[in-house]
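The numbers here are math on the coordinates, done by the rules we state, and not lab data. Just so it is clear, the structure is predicted and the values come from calculations on it, not from any experiment. Glycine gets a Cβ as well: all are built from the backbone with ideal geometry, and neighbour counts include every protein chain shown.
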Amino acid sequence: MAPLSFVPNGQLTPDQKLSGRRLQNECFSSVSAEVLERCFFAEPFGQVFASENGTIVGQSKLFTRKVPFEGREVLLGGIGGVCVTASARNRGTATQMTSRCIEILKETRCDVACLTANIKDFPEGLYYRLGFRAMKREVSFEDFDGRIRHEGSEMFLPVCSNQLFELIMKSDKTLHMGRGLW
C-alpha cells in the first residue's frame with residue numbers, strides 16, 4: 001500500500017505541484033487543452049497524494065460547493081483528476097486514494113460526492129465497487145466563458161445524506177453543478 005497524504009491546496013509544495021501536473025498530463029493526455037481550460041478549471045480545496053519510495057505516483061483532487069436542487073441546498077463534494085502513473089497501476093493505489101477522498105468528504109459533511117469518470121469503458125470498475133452509481137441523465141455546468149454545457153459521465157455516491165442522493169438520482173430534473181467540472 002502506497003502511503004497517502006492529504007494536502008490543503010494552499011499548502012502544496014513546488015514538488016507536489018510539479019508532480020501533479022506531470023501526472024495529469026500522463027493520465028489525461030487524450031483530453032484536449034481547450035476542454036481542460038474551459039471545463040475543468042474549478043479550484044480544489046485539497047489533494048490526496050500517493051507515494052512510493054519518496055516519489056509521488058498518484059494524485060486526486062477534492063472539491064466542495066453548494067448547489068440548489070429541487071428546492072434543497074446540496075453540499076456537493078467532488079473528486080477529480082484521479083490519476084496513478086503507469087508504473088504504479090494495478091496495485092490498489094487509485095482505490096486507496098478514492099477511499100481516502102470519500103473519508104475527507106465525510107469529514108467536511110458533504111451530502112453527496114460526484115466525480116466525472118470514463119464509465120463507457122469501465123461501467124463497473126473501481127468507482128462502482130466503491131459505491132458510486134452512474135447518473136442516467138446529463139448534468140449541466142457553467143464553463144469558463146459562462147456558457148451552460150451538459151455532461152453525461154457523472155457518478156454519484158451518498159456521503160452524509162442518502163435522502164439527497166436518492167433525490168438527485170431519481171429526479172428527472174437536471175442537476176446544475178455550478179461553475180466548472182472537477
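Of all the residues that make up segment 1-34, how many are of a type in the set (A, V, I, L, M, F, W, C), within 18 Å of Phe45 (Cα to Cα) and touching a residue at least 40 places away in the same chain (Cβ under 8 Å)?
The total comes to 3.
Give, as residue ranges, the strands (runs of 3 or more DSSP E) completely inside segment 142-182 that count at least 2 residues that are polar (S, T, N, Q) and surrounded by 19 or more Cβ atoms within 10 Å (Cβ to Cβ).
Those strands (runs of 3 or more DSSP E) do not exist here; none qualify.
So Leu12 passes all but one of these: (1) among the hydrophobic types (A, V, I, L, M, F, W, C); (2) surrounded by 16 or more Cβ atoms within 10 Å (Cβ to Cβ); (3) within 17 Å of Thr98 (Cβ to Cβ). Which condition number does it fail?
Exception for Leu12: condition (3).
Tally the residues that are out of contact with any Lys or Arg (no Cβ under 6 Å at 6 or more places or on another chain) and either of a type in the set (Gly, Ala, Ser) or within 21 Å of Gln47 (Cβ to Cβ) (or both), restricting the search to segment 157-182.
8
Do we have Val57 as surrounded by 13 or more Cβ atoms within 10 Å (Cβ to Cβ), in contact with a His (Cβ under 9 Å, 6 or more places away or on another chain) and aliphatic (A, V, I, L, M) here?
Judged against the criteria, Val57 is not a match.
Would you mind stating whether Ser87 is surrounded by fewer than 18 Cβ atoms within 10 Å (Cβ to Cβ), out of contact with any Ser or Thr (no Cβ under 6 Å at 6 or more places or on another chain) and on the phi < 0 side of the Ramachandran plot?
Yes.
Applying the selection to segment 8-46, what residues are more than 15 Å from Phe141 (Cβ to Cβ) and aromatic (Phe, Trp, Tyr)?
Phe28, Phe45
Out of everything in segment 15-52 that is among the aliphatic types (A, V, I, L, M) and surrounded by 12 or more Cβ atoms within 10 Å (Cβ to Cβ), what residue ends up being farthest from the chain's Cα centre (by Cα)?
Leu18
Quick one: what pairs do we get from segment 142-160, first residue farther than 24 Å from Phe132 by Cα, second assigned to a strand (DSSP E or B), C-beta under 9 Å, 6+ apart or different chains?
Asp143/Arg149; Asp143/Arg179; Phe144/Arg179; Gly146/Arg179; Ile148/Ser140; Ile148/Phe141; Ile148/Glu142; Ile148/His176
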